[in-house]
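Encoded as structure tokens, the structure appears first; notes follow it.
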């Protein structure tokens with residue numbers, strides 16, 4: 001059975017911005033995140049990105065621009081020796097109340113259906129409460145919070161909700177090491 005690692009994008013793989021990542025030039029990897037994905041790939045984990053991208057619904061960027069940002073991300077990860085199997089994203093605004101916007105589990109369930117993923121062999125890495133709650137709603141085995149992006153504030157927010165991630169790491173690289181050590185037989 002191949003293990004699946006779901007990753008949030010902004011704040012986990014790349015530096016986040018309160019103004020959104022609206023073009024390729026604004027996309028900047030968090031240090032060691034491509035290497036973390038490469039480490040997961042080399043240890044036989046499939047990596048799938050699960051991300052809210054309401055900048056499409058807000059008309060701040062086109063689908064073509066978002067695709068270019070995704071290509072830049074995938075190219076940087078490949079250059080480090082890693083692979084992103086697929087990217088699932090929600091283009092909707094929060095007001096649209098869709099089923100694919102995290103914390104709802106729609107994107108993970110879509111990936112599960114497409115790739116026949118056994119969620120009891122999966123985990124989600126994120127920097128927000130929405131990421132952790134999405135993984136719990138979907139039935140992922142493990143939840144990992146990283147302190148990059150919004151992660152430092154999120155631990156307290158989750159604690160107030162009575163939610164404890166399985167691991168809190170300083171960044172995606174530390175999270176990848178923990179995943180490899182704790183999830184492989």
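For the stretch 130-148, a tally of residues being surrounded by fewer than 24 Cβ atoms within 10 Å (Cβ to Cβ) and more than 17 Å from residue 15 (Cα to Cα) returns 9. Among the strands (runs of 3 or more DSSP E) confined to the stretch 1-100, the ones with at least 3 residues that are modelled with pLDDT of 95 or more, crowded, with 20+ Cβ neighbours inside 10 Å and touching a strand residue (DSSP E or B) at 6+ places or on another chain (Cβ under 6 Å) are located at 3-7, 45-52. The numbered conditions (1) in contact (Cβ under 8 Å) with a residue 60 or more places away in the chain; (2) in contact with a helix residue (DSSP H, G or I) (Cβ under 7 Å, 6 or more places away or on another chain); (3) at positive phi are all true for residue 139 except (1).
The values are calculated or read from the model by the stated rules, or taken from the named source; none is laboratory data. Given the structure is predicted, the values throughout are model-derived calculations rather than measurements. FYI the Cβ positions are ideal-geometry reconstructions off the backbone, even for glycines, and counts take in every protein chain you see.
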